[in-house]
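J.: Take a look at the following structure, please.
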Amino acid sequence: MRFWQKRKSPHTILRSAGSALLASLLCLQLVGTSADRAGLGAITPEAMPSWDSYPLVAHAVGSVDEYVCVPSLESFLNNYRQGYRVFECDLIETADGHLVLRHDWSAGMQAGIDETRVPTLAEFRAAPLYGRYTPLTFADLLELMAAYPDVYIITDSKGAQAELVQKEFSAILSEAETQGAQALLERFIVQLYSPEMYDIVRKVYPFQHYILTLYQTDFNGEAEQFETYAKACSLLGIHTITMWHYLYDEAFLPIMERYHIQVYVHTVNDSAAADSLLRRGVTGVYSDRIDPAALGGVYPQTEKEDSLL
């Protein structure tokens, strides 16, 4: 039996809860989703929809209540219930070297934490996001993936320098090995910030899925530039490129076909704009809060939706 087919108690996911009352409430939330997850324990890798069959990606785990980009347990549950199955997760290290889900340490999200006061793991877990949401460590994320076996994770590790890339992905591998969860890495999609980053990551672990995201490159929307990156991806066996939504152009379609490349765009929060991009050849859209129901609400896509994309 694969690791992700095993049921784990929701209590293991709640190790970071700040109080017994909050833990009890969140446990009830998890139990309440059991109907949504009925039969998931029987999912096999062969039966899993591919990650790129879903037209929406929850940017930074997505929204909860009035907040966007809140990497919390509540955000995950909220967006999973809506229909999201692909979650982009920002990863950063605490002061004592543990990976957690946050974009950066800017002030305002967690009391007592900012760029001058980087927390330890214990301090991070003890500080609710915006005073009310449960922060997630990378270890918690693996627990969620085990409990929700139809979920995929896109990494946003931020680091592009070779030494930092090696350190971050070594930490990812080490935590997975510690939990006996290495099989879960099959459901990770690694965002690369340059073609050169591919070999650095592969030396740590041979992940199956990769995206080249162009926001840290010199790409400014020119077809010639896009073809250069598409060709580099093709040579590495990478089939997905992500770019800012306003840089996408249908003139890229022949290049995409030539090099067998699909394009994702970020970040789009208007359902009509997302639908237009999908109809114009984009495969997927990163979003903070688009309701999947606005794009048909059927996951994975139906044959009709496939014909539109």
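J.: Among the aspartates and glutamates, select those whose C-alpha is under 15 Å from the C-alpha of Lys158, and discard any that sit fewer than 8 residues away in the same chain.
T.: Glu88, Asp90, Glu93, Asp104, Glu168, Glu196
J.: Here is a follow-up. Relative contact order (percent) for segment 182-288, with alpha-carbon contacts under 8 angstrom and 6 or more residues of separation?
T.: Relative contact order comes out at 20 percent.
J.: Could you size up the charge dipole of segment 169-309 around its Cα centre, putting +1 on the beta carbon of Lys and Arg and -1 on that of Asp and Glu, and report it in debye to the nearest 20?
T.: For segment 169-309, the charge dipole is close to 240 debye.
J.: For segment 135-142, just list the computed ³J(HN,Hα) in residue order, Karplus coefficients 6.51, -1.76 and 1.60, θ = phi - 60°, integers in Hz, with x standing in for Gly and Pro.
T.: Listing the rounded values in order: x, 10, 8, 5, 4, 4, 4, 4 Hz.
J.: Using 1/(1 + (r/R0)^6) with R0 = 25 angstrom and r between the beta carbons of Val118 and Ala160, what's the FRET efficiency to the nearest 0.05?
T.: 0.80
Rule-based calculations on the coordinates, nothing more; no lab input. Computed from a predicted model, the values in this text were never measured in an experiment. Every residue, glycine among them, receives a Cβ derived from its backbone with ideal geometry; neighbour counts consider all protein chains shown.
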